[in-house]
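Have a look at the structure below before the remarks.
The values are calculated or read from the model by the stated rules, or taken from the named source; none is laboratory data. Just so you know, these numbers come straight off a predicted model, no measurement behind them. Here Cβ is always computed from backbone atoms with ideal geometry, including for glycine, and neighbour counts include all displayed protein chains.
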Amino acid sequence: LQGTKEMDHMSPRLRAFLSEPIGEKDVGWVDGVSRELAINLVTKGFTKAYILLGQFLLMHKNEAEFQKWIICCCGATECEAQESSNCLKEWCASFL
C-alpha cells in the first residue's frame with residue numbers, strides 16, 4: 001500500500017478491505033469471496049474475515065495451499081481462490 005501505483009492495480013473492493021484493520025468484518029468483505037462462497041464458508045464456521053485470515057496464517061501464508069483448500073473444501077472458483085488469497089496476503093503485508 002506504500003505507493004499509489006500499487007493501489008491503482010487494486011479493485012475497489014480490495015482497496016476498501018485494505019483501508020482498515022479487519023475487526024469484526026464478515027467473511028463476505030474479503031475480496032474474491034462471492035455471496036455463494038460466503039454462504040459455503042459460513043456453513044463451515046468461517047463467519048468472520050479474521051477466521052479466514054487465521055486459516056491463511058495456519059497455512060503459513062502459502063497462497064497455493066490456501067487456494068487448493070478453499071477450492072476443495074469450500075467450493076471456490078479458481079478466480080475466487082486467487083483473489084481471496086491475494087487479499088489476505090496484501091492485508092498481512094499492510095498490517096502484520
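Helices (runs of 4 or more DSSP H) fully within the range 1-86 that include at least 1 residues being in contact (Cβ under 8 Å) with a residue 12 or more places away in the chain, of a type in the set (A, V, I, L, M, F, W, C) and in contact with an Asp or Glu (Cβ under 8 Å, 6 or more places away or on another chain): 12-18, 35-43, 49-58, 63-74.
As a summary of the residue check, H60 satisfies the conditions (1) surrounded by 14 or more Cβ atoms within 10 Å (Cβ to Cβ); (2) out of contact with any helix residue (DSSP H, G or I) (no Cβ under 7 Å at 6 or more places or on another chain); (3) at positive phi except for the one numbered (1).
S11 meets each of the listed conditions (1) modelled with pLDDT of 95 or more; (2) out of contact with any strand residue (DSSP E or B) (no Cβ under 9 Å at 6 or more places or on another chain); (3) among the small types (G, A, S) apart from (1). Of all the listed residues (W69, W91), the sole one being of a type outside the set (D, E, K, R), over 12 Å from V33 (Cβ atoms) and buried (at least 21 other Cβ atoms within 10 Å of the Cβ) is W91. Output the residues belonging to the range 9-41 that are among the aliphatic types (A, V, I, L, M) and crowded, with 16+ Cβ neighbours inside 10 Å. Of everything in the range 9-41, those that are among the aliphatic types (A, V, I, L, M) and crowded, with 16+ Cβ neighbours inside 10 Å turn out to be M10, L14, L18, I22, V27, V30, V33, L37, A38, L41.
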